[in-house]
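Asks: Pasting a structure below so you can have a look.
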Amino acid sequence: MSRPGAVVRALLAAARRHARKTGRVARWEVSRTTGTVDRKTAALGAVALLLTVGVAAGGLFAGGVALDDDIYAVAVSPDSPYHDPVSDSTPLEAVPVGAPGADVYVDDRDPTDREATVSVADTRKGQAALGAFRSAVERHNTQLLLAEENQSAAFPVGVTLSYVERASERVGASDGAAGAGGDGGDGEADAGGAGPGGAGDGSGGSGPAAGDGSGDGLGVPDFGGVAGPLFGGQPTGSPAEISPPFPFSSLVLAFAFLVPMNFVIQAYGSTVLNERINRRGELLLVAPLSPGDIVAGKTLPYAAVALLATALIAAGVGGGPLSVAAVFPIALVFLASTFVGAMFARSFKELTFVTVTVSVTLTTYAFVPAIFATVTPIALISPLTIVVRDLQGEAVVLGEYLFSTGPFYLTAATLFAMGVGVYREEDMFTQRSVPLKFLDALAVRLHRPRDVALLSALSIPFVFVAELLGVALLFALPQAAAVVGLLVIVAVVEEIAKGVAIFAGFHQSRFERDLPTALKLGALSGAGFFLAEKATAIVQVVGLGSLPLGQAAFGTAGVGAEFGPALGLALLALPLLLHVVTAAVGAVGATRGWRAWTATLLVAMAIHFAYDLTVVSVLG
């Protein structure tokens, strides 16, 4: 009975030792970094950060930047009831009557009369100005009606929108508010009709409700307070007020959360690369510390800063712990990618290219899918969608959170492991090219043939991220073209992922360059990839498997339930055979160098694409 207790005590003691070592390196990193930053640099960094937060806050509180401020001139008298709508409109500028060059002229000789004559300049700009003027008058009328005490009289018809799944067979219609349903007169203001303060929008109307009457549907963001202008959209109210949510929210969220991380990774990447210049990091290498302890200690302060910034921004936009938990794995990938880039780069110029590439790629991955936050399960591949749901007060189940953030956690862990593998003298202080250092990072993990299967399995997070991004980017294309394009992406990404570890092993002379070894490594790589790939069955939890692109990207999950156990097992064995065969084809070429590997890799991609296209065509 004492043996398990002794094992636990030994593990706890080891954990405490690693924690002490990591903390010692972290304290050294903080003191060294703060000691090398002068006051002028710190002040400039603080100003840049404040400007970043200020611009984000401006978009949050003001609903975005007004790029169309005062672009149309409207000649209107200060006594006219039309003057207030013009003054309150962002794109309109009120100018004195008779002013030359106006786009719209309002002839309102009798201010007590609600009618006016409106003339427009005979130009394209004048026509656009007329549309902006009409919208301003309508908006002003709506605001006056909202100020009325009797809202039932001001808005006799109300509408509530509820988005339903496309598969629903019936969509009912219902009146959303107090008034019963007859058609009323259209009180919508126009340039030559009812003026400001005129009749309200009494047009009859109805909105779609849930198809089966149960009220279940896809919610539309409806944020109050300061977040209202940020997320836009109006799902309830009079028919004239109904508008869909605008994806500007995704852009602002990506900007607010991700831009501060760029400051963090710039400092982090610089300190890692500094260790490699003039052998400055040699003292750490000879210290009684493992590479893992050193990297963890150097990374800890920057991860803490990223976590603090994420928490502050989440609190600023009304989010909670769920928002922080959703964004923090993105910060980890930022740091991990920068660490690997700093270990591979030969100069600060190359490091700058790496950090810019990381920033653009991760921002695109976070932004593009979040555009569809209220439309499709595809949006859940971006953790920002979890943030949007948190701001809406919607519940997020564990499966959805893992689907959204799991690839980020796995990617960060794999990248850190890759970087730690080359945290050694022969890689840190040499000027080898980036591709060669990448092969070194893989080869250092290859001690026996079965390690190829492990590296192939560890490539799944990168494959998963690439395929999910492909789904998001191709989603708007016609289905036939999108499926073919996605199958090409799948074939290219998966064959490279399965073959690169094998090529690294042969290139670094870890294995014998003969046919039996190549076939053995191909079989191990294909099997490892296949077993790890089955973990993507989590896409069924979030409903991505119901989409044609999801089915094309993630294979035959759930096929056994549809076709029966026997056929299901057969269809499950076919992907295993495919991965083994194509990996073996690439491995044969890898024994002869990179040109032969490239040629056989193209053959493997063609086989993979042909198989996937056949499966999609047969199974639909």
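Asks: Yes or no: residue 51 buried (at least 20 other Cβ atoms within 10 Å of the Cβ), at pLDDT below 85 and closer than 30 Å to residue 259 by Cβ?
Replies: So residue 51 does not fit the description; no.
Asks: What residue, of 387, 420, 396, is closer than 20 Å to residue 275 by Cβ and either at pLDDT 80 or above or not in a loop (DSSP other than H, G, I, E, B) (or both)?
Replies: Just a single option satisfies the conditions, and that option is 420.
Asks: Considering 379, 457, which residue is assigned by TED's automatic domain parsing to the domain that holds residue 522, within 28 Å of residue 354 (Cα to Cα), of a type outside the set (Phe, Trp, Tyr) and part of a helix (DSSP H, G or I)?
Replies: 457
Asks: Would you mind stating whether residue 29 is at pLDDT 85 or above and acidic (Asp, Glu)?
Replies: So residue 29 does not fit the description; no.
Asks: Pairs only if they're at least six apart or on different chains, beta carbon under 7 angstrom, first in the stretch 519-542 and in the same structural domain as residue 586 (by TED's automatic domain parsing) and acidic (Asp, Glu), second in a helix (DSSP H, G or I) and modelled with pLDDT of 65 or more; list them, first residue then second.
Replies: Partner pairs satisfying both residue conditions: 533/460.
Asks: For the subset of the stretch 12-29 comprising residues that are buried (at least 19 other Cβ atoms within 10 Å of the Cβ) and aliphatic (A, V, I, L, M), which member is nearest to the chain's Cα centre (by Cα)?
Replies: 26
Asks: Give me the pairs, please: first residue somewhere in the stretch 275-303 and over 15 Å from residue 339 (Cβ atoms), second residue anywhere and in a loop (DSSP other than H, G, I, E, B), beta-carbon distance under 7 Å, and either six or more positions apart or on two chains.
Replies: These pairs meet every condition: 279/429.
Asks: Looking at (1) in a helix (DSSP H, G or I); (2) under 21 Å from residue 511 (Cα atoms), find the lone condition where residue 604 falls short.
Replies: Residue 604 satisfies all of (1) in a helix (DSSP H, G or I); (2) under 21 Å from residue 511 (Cα atoms) except (2).
Asks: Additional query: Which residue pairs have Cβ atoms closer than 7 Å, lie 6 or more positions apart in sequence or on different chains, and pair a first residue in the stretch 309-320 that is surrounded by 15 or more Cβ atoms within 10 Å (Cβ to Cβ) with a second residue that is in a helix (DSSP H, G or I) and small (Gly, Ala, Ser)?
Replies: Here the result reads 310/331; 313/256; 314/323; 317/227; 317/256; 318/227, each pair linking the stretch 309-320 to a residue that is in a helix (DSSP H, G or I) and small (Gly, Ala, Ser).
Asks: What strands (runs of 3 or more DSSP E) lie completely within the stretch 69-148 and have 2 or more residues being surrounded by 19 or more Cβ atoms within 10 Å (Cβ to Cβ) and without any contact (Cβ under 8 Å) to a residue 60 or more places away in the chain?
Replies: Correct list: 72-75, 92-95, 104-107.
Asks: Is one or more of the residues making up the stretch 503-522 closer than 13 Å to residue 583 by Cβ, at pLDDT 85 or above and under 30 Å from the mean Cα position of the chain (by Cα)?
Replies: No, that holds for no residue.
Asks: Within the stretch 473-480, is there a residue that is hydrophobic (A, V, I, L, M, F, W, C), part of a helix (DSSP H, G or I) and modelled with pLDDT of 85 or more?
Replies: The answer is no; no qualifying residue exists.
Asks: Return the residues of the stretch 461-499 that are of a type in the set (Val, Ile, Thr) and closer than 18 Å to residue 606 by Cβ; say none if nothing qualifies.
Replies: The answer is 483, 484, 488, 489, 490, 492, 493, 496.
The values are calculated or read from the model by the stated rules, or taken from the named source; none is laboratory data. Quick caveat: nothing in here was measured; it's all calculated off a predicted structure. Note that we place each Cβ from the backbone using ideal geometry, even for glycine, and neighbour counts take in every protein chain shown.
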